[in-house]
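Working notes for the structure below.
No lab work stands behind these numbers, since they all come straight from the coordinates. Quantities reported herein were computed from a predicted structural model and do not represent experimental measurements. With ideal geometry, Cβ positions are generated from the backbone for all residues, glycine too; neighbour counts draw on all protein chains shown.
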Amino acid sequence: MPLIIRLTLVLFAVALPTRLLAQETLSSVQRDLDRVEKEIEREKDLHKTERKRAADFETEKAAKLKALQEQLRLTQGRIDSLKRKQEQARQQKTGYRGQASMYRGKEKEFVKAMTERIRELARSLRADFPYQREKRVADLEELAVAIENGVVGVEEGVGRFFTLMQAGLEFSYDTEIYRGSYSATDGKNHEGNYVRLGAALMAFAGEDGQTAAYLAKSDSGYAWVDQELPPQLRKEIFTAAQVAQGKVAPQLVNLPFMAPKAREAR
């Protein structure tokens, strides 16, 4: 083979791998470029997504911040309102304390006046009709002490006081008859019936049909009278006892009521 042909073959053999290598390098570079471009596009998409997410976050954050500020404003308004109400309550409490102090003072004055009135009524009862007098006086005095010591409240005390007064009024108007023993002024004891007409008269009618007595009021108090009674008066006392027992029909009888003395005009 001539030398020139062999050189040409050698050069062609050398040039062919070089060209193939260059083409391969270009393809690799192109693939890298394509990959890089895809990564750049992906990064752009990710960046765009992150920007949108950041924008949404900022929008949401602004909305939440605005809502929080509004809530803080409302809370502050409620706090201010509660402070004003607290101040009003404090002022009312101060006013109520003053009123309570005044009422306690009035209550003490009322308790003092009421207990004085109760004791005054008890003192007047000591000279009153003797039937159950000690019990009526004791009930009033015990009530006065209980009110003063706070054992009985003012309202309950007023109720009890009016109850005792009502009982006294009923005592003055009712009539009763009961059996008992009478010690006469001569020392003899007699069995019979006592007749009470309110707080005005009490009389005794003996079972023997002869013994009669009535409670008379004098300047020194009450005393029983059983001596030298007129026959008609004895009869009237026995008739009153029989009427009270229902043994005879109701009728008018003359009894020795003691009328109060008339005061002299000045």
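Would you mind getting me the FRET efficiency between residue 142 and residue 235? Use the beta-carbon distance for r and R0 = 45 Å, nearest 0.05.
Once rounded, the FRET efficiency stands at 0.55.
In this calculation the C-beta distance from residue 120 to residue 92 is compared with R0 = 35 Å, giving a FRET efficiency of 0.30.
Sorted by mean Cβ packing within 10 Å, highest first, what order do the peptides 27-34, 113-120, 191-198 take? Working shown, then result.
Values: 27-34: 10.0, 113-120: 15.5, 191-198: 18.8.
Final packing ranking: 191-198, 113-120, 27-34.
Figure the gain on full extension for residue 42 and residue 29 (residue separation times 0.36 nm, minus the Cα-Cα span) and round it to one decimal in nm.
Values: separation 13, 0.36 × 13 = 4.68 nm, distance 1.94 nm.
Full-extension gain reported as 2.7 nm.
Among the DSSP helices (H) of the chain, none spans at least 15 angstrom by Cα along its long axis with an average Kyte-Doolittle hydropathy of 1.6 or more; this is a geometric and hydropathy rule only.
Label reach from residue 219 (point 7 Å along Cα→C-beta): in the stretch 118-135, amide nitrogens under 19 Å belong to 127-128. What you get for the stretch 175-245, charging only the Cβ of Lys and Arg (+1) and of Asp and Glu (-1), is a dipole of about 160 debye around the Cα centre. Extending 7 Å from the Cα toward the beta-carbon at both residue 74 and residue 252 defines two label points whose distance is 9.1 nm.
Count Lys and Arg as plus one, Asp and Glu as minus one, and take only other residues whose Cβ is under 15 Å from that of residue 195; the net charge is then -1.
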